[in-house]
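Working notes, beginning with the structure itself.
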Amino acid sequence: MKTEVAIIGGGPSGLLLSQLLNQAGVATVVLERSSRDHVLSRIRAGVLEAGTVDMLREAGVGERMAREGIPHEGCYLTDDDLMVRINFEELTGTSVMVYGQTEVTTDLYKAQDAIGATIIHGVEDVVIQDADSNAPYVEYTLDGARTRLDCAYVAGCDGFHGVSRKTIPADKRREFERVYPFGWLGVLSRTKPAHEELIYANSSNGFALASMRSETLSRYYVQVPLTDKVEEWSDERFWATLKSCLPSGVADTMQTGPSIEKSIAPLRSFVSEPLRWGRLFLVGDAAHIVPPTGAKGLNLAVSDVHYLYQALIDAVKKGDTAGIDAYSERALLRIWKAMRFSWQMTTMLHHFDGEDIFAAQMRKSTLRHLSQSETARRDLAENYIGLPF
Ligand code: FAD
Ligand code: DHB
């Protein structure tokens, strides 16, 4: 088999890149380890930056999002004493869109089908060969048969646990990492959202987030020790903990019900530099992970695609390599800013086990400062709605 760009991973970044390349007449093959149903069942991100919304529109998948997505003009940050609204629209002139990652992925698969793109599910033992030569190829096993895919370029869109990053020799990359001593327990439930806007709560009982997917579908998170197992969290225990972290006016009136999904995600900041080795380019979670507190993971994956797709079109169609030569540096500048914001939000909103009493005072005074300073709120809003590409 032969293609122009081999894309490893059919998550949001791989599908979006494939869609934009196919629209421009660049041939791709997407190799995905899991089934389509499995990819679509992973409940993850929920908040799209305006730049992400624009990119999805450009990829021809903006229609359902425009109908079913919920524009949010602000969000709340709270602690035991204060409830501070960050008014994105007033502070930045822009809003964000609440539209789940599963919906984004569903729309992209549909668009890929319509355009006749090749997505191969169930591939095993993917190996990227000769990425530092002019003739890379990818080997994989499908239904027991080993297959070779020749290509001009390889895009590594296979997430944190994928093979792409590890293909780059250890002495050619540098890794930066911070692992946080807690995770997020997430619950999806068919209930009316607790509030019309998102609430990020830093309470004396720990962190909680009240989010949503629609008027009848809620998404909530609470901070849990890394050692906790999902089985230890009955729905009753989850609702009681969530309510103990949210402002009482919200907790007392919120609707609860059976969970339809429950999972624990560890929190980590991670960057692997550079994003390129020869003809292999890393995109999204394959290269970097942010803790979810700033809602940046999916949005960063999309901004990587923004920097890479036109560069690949120019390289394939015109032999112009200026874009691909600049990709890693350009993308990393924005990645590090989102790393900083996600780390700052995480530090500001979570209780760290074993911390001293000074830390809690710092969190308290950060929120107090936000409540009193429009400059501080604007800075947060500017980062939350997404820095320019
Ligand atoms: P992924 O979505 O990880 O997609 C990679 C794809 O590659 C997967 O489909 C995988 O099956 C496939 N793959 C992996 N290895 C191979 C291989 N060897 N061969 C072939 N295919 C392979 N972000 C937020 O903004 N808010 C959130 O609340 C949030 N929650 C999250 C919860 C969890 C549990 C996780 C893991 C992530 C969360 N994120 C969140 C981050 C966000 O979902 C990711 O940033 C986003 O999915 C990145 O997209 P991606 O396409 O780069 O990677
Ligand atoms: C959601 C997840 C986040 O990490 C976040 O910061 C905001 C919303 C969500 O799943 O809805």
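Numerical summary
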quantity: Orientation-averaged projected area, Cα convex hull of the chain (nm²); calculated: 19.4 nm²
quantity: Between helix 297-318 and the chain: long-axis angle, C-alpha atoms, 0 to 90°, nearest 10; calculated: 20 degrees
quantity: Highest to lowest packing among 91-101, 316-326, 29-39, scored as the average C-beta count within 10 Å; calculated: 91-101, 29-39, 316-326
quantity: 5 angstrom amide H check on ARG42, placed H, neighbours 5+ away; calculated: none
quantity: Reachable aspartates and glutamates, given that their alpha-carbon falls under 14 Å from the alpha-carbon of LYS262 and they are not under 8 places away in the same chain; calculated: ASP228, GLU231, GLU232, ASP235, GLU236
quantity: Proximal lysines relative to LYS364, as straight alpha-carbon distance under 29 Å, when same-chain residues fewer than 8 apart are discounted; calculated: LYS243, LYS296, LYS337
quantity: Whether the stretch 9-79 is rounded, prolate or oblate, judged on the alpha carbon gyration tensor where a/c under 1.5 counts as rounded; calculated: oblate
quantity: Length-normalised contact order of the chain in % [C-alpha pairs under 8 Å, at least 6 apart]; calculated: 21 percent
quantity: Euclidean distance between Cα centres, the stretch 117-154 to the stretch 180-216, Å; calculated: 40 Å
quantity: Accessible area (Å², per residue) of the stretch 120-248, counting only protein heavy atoms and a probe of 1.4 Å; calculated: 46 Å²
quantity: Summed side-chain charge close to SER203 - residues other than SER203 whose Cβ falls under 9 Å, Lys, Arg +1, Asp, Glu -1; calculated: -2
quantity: Fully extended contour minus Cα-Cα distance, from GLN310 to LYS229, at 0.36 nm per residue; calculated: 24.8 nm
quantity: Fraction of antiparallel bridges per DSSP, the chain only, in percent to nearest 5; calculated: 75 percent
quantity: Carbon plus sulfur fraction of accessible area for the chain, probe 1.4 Å, in percent; calculated: 50 percent
quantity: Nearby aspartates and glutamates by direct alpha-carbon distance to LYS317 (threshold 12 angstrom, same-chain neighbours under 8 apart not counted); calculated: GLU4
quantity: Cα-based Kirkwood hydrodynamic radius, the stretch 275-389, one decimal, Å; calculated: 16.1 Å
quantity: Full-stretch length increase - ASN134, HIS121 - with 0.36 nm per residue and alpha-carbon distance subtracted; calculated: 2.0 nm
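The values are calculated or read from the model by the stated rules, or taken from the named source; none is laboratory data. Note that the structure is a prediction, hence the values are computed from the model and not measured. All Cβ positions, glycine included, derive from the backbone under ideal geometry; neighbour counts span all protein chains shown. Surface accessibility is based on the protein's heavy atoms, side chains included, excluding ligands, DNA and RNA. Shrake-Rupley method; radii C 1.70, N 1.55, O 1.52, S 1.80 Å.
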